[in-house]
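Remarks on the structure that follows.
The values are calculated or read from the model by the stated rules, or taken from the named source; none is laboratory data. Because the structure is a prediction, the values reported are computed rather than measured. Here the Cβ is made from the backbone with ideal geometry for all residues, glycine too, and neighbour counts use every protein chain on show. Accessible surface is based on the protein model in full, side chains and every heavy atom, while ligands, DNA and RNA are left aside. Shrake-Rupley method; radii C 1.70, N 1.55, O 1.52, S 1.80 Å.
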Amino acid sequence: MLKKCILGAWLWAVAAPGWAQAVAGAAQARIATVTEGRPANRFKVPQVQLADAAVAARINRRLVALVLGGETNPALSVRQQLRQAERTCCYDGENGLGWNTAGQGLTGCDYTVLLNQQGLLSIEYSQEFTGAYSWEQARHATFDLRTGRQLALADLVADPPAQLTRRMHGAISRRLGETMAELRDVGDSTDFEIVAENFHWDETAKRVRFQSDPGPAEEARASEPDLESFALTPTELRLYYERMLPHVLLNLEPDNTYRFPYSRVQPRGALLPVAARARPPKAK
């Protein structure tokens, strides 16, 4: 009887390779997509499957809360919560207007898995909003697949926050400097002034002026990079810096993703195995 049970479990694992992969030390999660909405399933939320159901449930609750902006109801299934979000944005029963395809407020969500290995899961989730115009914003979350805990950057890299902030200051100023140089070449002084004002660009010093820079307290300066807005991939740490320009000038906003290969930071904790795999093999 025992042999039959063992054989049955083995056959079940072979038949479900994704699940079997998750069983092996929670090195990787199996991910399913829960979809809802019209048209074309506009709401998409990831849900993980792990051998440890309690850990999976912890991650899944957090994912729903993040993607739906904290408005969750644990008494409802994930699909029911997505239907509720769709009804909130896109159904007007009070005025008898019924379903509105465009909607208002949070009108869609999606996600991309950036890392799912070595016990870490890093996800980028996007939210679509509709008002006077539509726009998207991307957010990020990284989880320990063994505990279900959402990780902070300090859990994964040993670099001092002040040092990372200084590096981000330099990278942001260099990237924006390229944009400002292009605007100078084009000769559009209006766009130049709008971008300079929104990013607090110091044309004399050729750099962004940040809140931590010395100067009068009332002087307008750019917000500091948020080091908790980060993501992981198999090869690099990603930090982000975004300032929303006026809608008509969004095409002038520099790429907000700043990439740091693991060789340029000090990985620690759960990130060490991922960073070790990312290193090129040593010459023999």
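Here are some conditions: (1) more than 30 Å from GLY105 (Cβ to Cβ); (2) among the hydroxyl-bearing types (Ser, Thr, Tyr); (3) in contact (Cβ under 8 Å) with a residue 24 or more places away in the chain. THR142 meets all but one. Which one does it not meet?
(1)
Kindly evaluate PHE199 against the criterion of being surrounded by 16 or more Cβ atoms within 10 Å (Cβ to Cβ) and touching a His at 6+ places or on another chain (Cβ under 8 Å).
So PHE199 does not fit the description; no.
For segment 161-174, state whether one or more residues are open to solvent by 30 Å² or more (accessible area, probe 1.4 Å), part of a strand (DSSP E or B) and not aliphatic (A, V, I, L, M).
Looking through segment 161-174, none of the residues is open to solvent by 30 Å² or more (accessible area, probe 1.4 Å), part of a strand (DSSP E or B) and not aliphatic (A, V, I, L, M).
Given the options LEU63, LEU76, LEU82, name the one that is on the phi < 0 side of the Ramachandran plot, out of contact with any Asp or Glu (no Cβ under 8 Å at 6 or more places or on another chain) and either crowded, with 16+ Cβ neighbours inside 10 Å or outside any loop (DSSP other than H, G, I, E, B) (or both). Explain how you work it out, then say what you get.
Details: LEU76 fails: either crowded, with 16+ Cβ neighbours inside 10 Å or outside any loop (DSSP other than H, G, I, E, B) (or both); LEU82 fails: out of contact with any Asp or Glu (no Cβ under 8 Å at 6 or more places or on another chain).
After applying the criteria, what remains is LEU63.
One line per residue, one yes/no per condition, for (1) within 17 Å of GLN163 (Cβ to Cβ); (2) modelled with pLDDT under 85:
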residue	(1), (2)
SER223	no, no
ALA231	no, no
PRO246	no, yes
PRO261	yes, no
ALA275	no, no
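Could you grab me the full set of residues in segment 179-201 that are farther than 20 Å from ASP213 by Cα, in a helix (DSSP H, G or I) and free of Cβ contacts under 8 Å to residues at least 12 places away in the same chain? Outline the logic, then answer.
Taking segment 179-201 as the starting set, the residues that turn out to be farther than 20 Å from ASP213 by Cα are 179-194.
With the extra rule that they be in a helix (DSSP H, G or I), the set shrinks to 179-186, 189-194.
The answer is ALA181, GLU182, ARG184, ASP185, VAL186, SER189, THR190, GLU193.
Yes/no matrix, rows are residues, columns are (1) among the acidic types (Asp, Glu); (2) modelled with pLDDT of 70 or more; (3) within 16 Å of the chain's Cα centre (by Cα):
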| position | (1), (2), (3) |
| --- | --- |
| GLN127 | no, yes, yes |
| ALA132 | no, no, no |
| ALA141 | no, yes, yes |
| THR147 | no, yes, no |
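What residue, among those in segment 101-116 that are of a type in the set (S, T, N, Q) and open to solvent by less than 40 Å² (accessible area, probe 1.4 Å), is modelled with the highest pLDDT?
To start, the set of residues in segment 101-116 that are of a type in the set (S, T, N, Q) comprises 101, 104, 107, 112, 116.
Checking the rest, the ones that are also open to solvent by less than 40 Å² (accessible area, probe 1.4 Å) come to 107, 116.
Details: THR107: 74, ASN116: 98.
For segment 101-116, the residue satisfying everything is ASN116.
I'm checking my understanding of the structure. Among residues of segment 202-236 that are among the acidic types (Asp, Glu) and outside any loop (DSSP other than H, G, I, E, B), which one is surrounded by the fewest Cβ atoms within 10 Å (Cβ to Cβ)?
Filtering segment 202-236 for residues among the acidic types (Asp, Glu) gives 202-203, 213, 218-219, 224, 226, 228, 236.
Filter again for outside any loop (DSSP other than H, G, I, E, B), leaving 202, 236.
Working: ASP202: 14, GLU236: 21.
Of everything passing the filter in segment 202-236, ASP202 is surrounded by the fewest Cβ atoms within 10 Å (Cβ to Cβ).
Would you be able to tell me the number of residues in segment 118-157 that are in a loop (DSSP other than H, G, I, E, B), open to solvent by 10 Å² or more (accessible area, probe 1.4 Å) and closer than 17 Å to THR235 by Cα? Steps first, answer last, please.
The first filter runs over segment 118-157 and keeps only residues in a loop (DSSP other than H, G, I, E, B), leaving 118-119, 131-133, 145-149, 151-152, 156.
Filter once more, so that each one left must be open to solvent by 10 Å² or more (accessible area, probe 1.4 Å): 118, 131-133, 146-147, 149, 151-152.
If we keep only those that are closer than 17 Å to THR235 by Cα as well, we get 118.
Total satisfying the criteria: 1.
Checking MET180 against (1) more than 16 Å from ASN251 (Cα to Cα); (2) surrounded by 12 or more Cβ atoms within 10 Å (Cβ to Cβ): exactly one of these is not met. Which one?
(1)
Mind listing whichever residues of segment 110-137 are touching a Ser or Thr at 6+ places or on another chain (Cβ under 6 Å) and either within 23 Å of GLY269 (Cα to Cα) or free of Cβ contacts under 8 Å to residues at least 24 places away in the same chain (or both)?
Initially, segment 110-137 is screened for residues touching a Ser or Thr at 6+ places or on another chain (Cβ under 6 Å), giving 110, 114-115, 122, 124, 128, 130, 136.
Result: LEU114, LEU115, SER122, GLU124, GLU136.
Please tell me if THR107 is under 19 Å from the mean Cα position of the chain (by Cα), of a type in the set (Val, Ile, Thr), in a strand (DSSP E or B) and under 30 Å from ALA270 (Cα atoms). Give the steps one after another, and end with the answer.
Working: under 19 Å from the mean Cα position of the chain (by Cα): yes; of a type in the set (Val, Ile, Thr): yes; in a strand (DSSP E or B): yes; under 30 Å from ALA270 (Cα atoms): no.
No.
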